[in-house]
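All remarks here apply to the structure that follows.
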Amino acid sequence: MEHIIQKYLVLSQYGGYFASFENLYSSHPDYPSLFAATHSLELLSIENMAVKLPKESLIDLPVHFIAGYDGDMVLVSKMNEQIVVETEKGKKSLLSFADFAAKWDGIVLAIEPNAKIEPASHKAGKKWLKPVACIAVFIAFSFIFKHYDLLAYSLLLTSLTGLGIGIFIFRDKLGIKDEFISKMCNLGGQLSCDTVIGSNQGSINKWFGFADLPLLFFSISSFAILINPTGASRLTGILSLISLPIIIYSVYIQAAVIRKWCFLCLVISSLLVIQATTIAFWWEDGAFSSPSLFSYFVVSVIVVLLWSSVKPVIETQRSNTAEMQNLKKFKRSFPLFEFLSKEVQYPDLLRHLEGPEFGNPMATNKLILFISPSCGHCHTAVEDGFEIIGRFPDKVSLKLLFNINPDNEDHPYQEVVKTILAMNLSEKDLLKEAVTDWHIRKIGLEKWLQKWKVETFDMKVNHQVFSQYSWCLQNEFNYTPVKIINDRLVPPEYEIMELQYFLNDFQEEDEVSGTGILTAI
């Protein structure tokens with residue numbers, strides 16, 4: 001379902017979020033279900049709705065949505081009196097409303113369009129900025145210090161274009177998708193770059209495949225021409241002419257064996273034909289001069305050696321990423337989470353402990369953090385706690401409690417705890433700023449006390465410090481922060497932000513049990 005969701009995200013102005021969605025979706029324990037898709041969108045704060053509707057409501061649905069149609073999930077686009085249906089494989093059909101409704105099962109996944117500019121899409125462009133800038137500088141120096149004729153300009157342009165296409169082909173081979181290229185590769189039913197590039201027909205040996213050849217050939221040609229424009233451009237043209245049988249074989253494989261066409265491969269073939277045709281009409285003696293051959297040979301050796309070193313690293317990193325996805329899927333399994341957690345003692349006493357509360361008090365789940373003002377990990381826990389209630393205000397609220405020994409009068413941060421608990425009794429509106437100053441801004445003890453110090457503490461404050469510390473002792477919690485959920489101790493391998501993956505499970509559990517407590521210490 002990734003293809004149609006990717007296209008739907010683009011139509012909804014969320015195109016830059018697809019990489020994050022794909023990461024969450026593919027690692028979801030329920031992948032590749034519709035629930036996994038909606039949950040992953042929800043984790044990205046993309047408002048969505050998956051419902052089953054009566055067929056009469058079709059006319060009221062938005063212009064674009066995903067629907068269950070003829071036993072498959074498809075992307076639907078409404079156009080006047082007709083509907084365009086696009087399948088996962090990119091096949092499109094034009095139907096009337098009645099024809100679509102006949103095979104529509106009523107299931108709809110709809111996304112609220114994004115009204116904001118996508119920061120993610122800008123990041124995607126920035127990562128290409130440095131390498132492109134370096135190549136541009138190299139080209140500029142070559143144009144200044146080297147002599148170019150029209151043939152050299154022509155073959156450099158086609159080689160640089162081929163280099164860019166070769167990069168996209170290799171990325172596609174690794175499973176890395178680019179929004180624009182994905183669109184071009186799936187324009188029609190017979191176009192499928194994934195099928196052709198991923199086919200075993202493209203293997204040459206264990207080191208190189210057809211996906212490597214465009215990248216190698218055009219990178220060698222580009223850099224050789226930039227170093228020796230006149231001689232290398234002519235060699236490039238001649239090599240393109242020699243490669244015509246390979247082009248014919250590639251077209252045959254796509255047409256007769258795989259029976260799918262690769263848009264990127266066809267562009268590469270076209271560039272080689274253009275270069276071969278150009279040299280055929282621009283033949284000159286001296287193309288095989290010793291300086292030309294030597295410079296081309298040196299560049300070839302350097303590029304091949306570099307690629308032989310870099311390619312295994314890239315493939316290993318990609319493989320590790322795939323393994324990490326499987327591990328995330330395993331870790332995000334709610335039954336596993338339940339199995340690894342264990343119950344805390346005296347849960348009723350826990351609910352009666354008092355401390356600062358943030359977020360929506362009517363939220364389904366209540367997150368409680370037992371922290372220490374001197375604990376560095378507690379700073380992160382508080383920050384994550386604020387983030388999770390900000391992202392899921394209807395599902396989670398936050399409560400802070402403390403694990404600090406009241407008898408330890410030498411503890412320099414006793415006053416911080418007592419001040420926060422005192423403010424909780426009389427100045428609740430200033431609590432978040434005070435907690436933020438200490439745990440997130442980390443302004444330091446002296447400045448913090450100058451700003452927030454309370455001169456006298458109520459007996460209730462001392463009682464709460466003692467009660468909270470005693471509860472931790474009863475549970476043998478001699479460290480902070482400790483995480484608990486639904487009165488169960490969370491394994492240390494889970495961070496607070498990872499609780500977001502189980503919010504729906506907590507809610508279902510709450511509906512069954514009639515309780516509703518999400519506790520993390």
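None of the figures in this text is laboratory data; all of them are computed from the coordinates on show. Being a predicted model, the structure only gives us computed values, none of them experimental. All Cβ positions, even for glycine, are placed from backbone atoms using ideal geometry, and neighbour counts span all protein chains on display.
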How far, in degrees from 0 to 90, does helix 503-513 lean away from the longest principal axis of the Cα atoms of the chain, to the nearest 10?
40
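Could you please report the charge total around Asn504, scoring K, R as +1 and D, E as -1 over all other residues with beta-carbon less than 9 angstrom from its beta-carbon? Kindly include the intermediate steps, with their values, before the conclusion.
Numbers: positive: Lys395; negative: Glu42, Asp505, Glu508.
Around Asn504, the surrounding residues sum to -2.
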Sites Arg351 and Tyr479 - FRET efficiency at Förster radius 35 Å, r taken between beta-carbons, to 0.05
0.95
Are there cysteines in the chain with no second cysteine's Cβ under 4.7 Å away, and if so, which?
Cys134, Cys472
Okay, helix-only estimate at 222 nm for the chain: each DSSP H run of n ≥ 4 adds -39500 (n - 2.57), divide by all residues, round to 500 deg cm²/dmol; what do you get?
-17000 deg cm²/dmol
Extent of the chain along each principal axis, from alpha carbon coordinates, in Å, largest to smallest?
100, 62, 39
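For the pairs Lys89/Lys329; Lys328/Lys483; Lys342/Lys428, flag any whose C-alpha to C-alpha distance is greater than 22 Å.
Values: Lys89/Lys329 25 Å; Lys328/Lys483 19 Å; Lys342/Lys428 33 Å.
Exceeds cut-off: Lys89/Lys329; Lys342/Lys428.
For segment 416-462, state which trypsin sites (Lys or Arg not before Pro) are in a DSSP loop and have at most 15 other beta carbons lying within 10 Å of their beta carbon.
Within segment 416-462, the qualifying trypsin sites (Lys or Arg not before Pro) (loop, at most 15 other Cβ atoms within 10 Å) are Arg441, Lys442, Lys453.
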Among 406-414, 265-273, how do they line up by average Cβ neighbours within 10 Å per residue, starting with the highest?
265-273, 406-414
Measure nothing fancy, just the Cα-based angle from helix 34-43's long axis to the longest principal axis of the chain, in degrees from 0 to 90, nearest 10.
70
Helix 213-227 versus the longest principal axis of the chain: what angle, 0 to 90°, nearest 10, using Cα atoms?
70
Can you tell me the FRET efficiency between Ile248 and Asp30 if r is taken as the Cβ-Cβ distance and R0 is 30 Å, rounded to the nearest 0.05?
0.05
How many nm is it between the label spots at Ser467 and Thr321, if each spot is 7 Å from the Cα in line with the beta carbon?
5.1
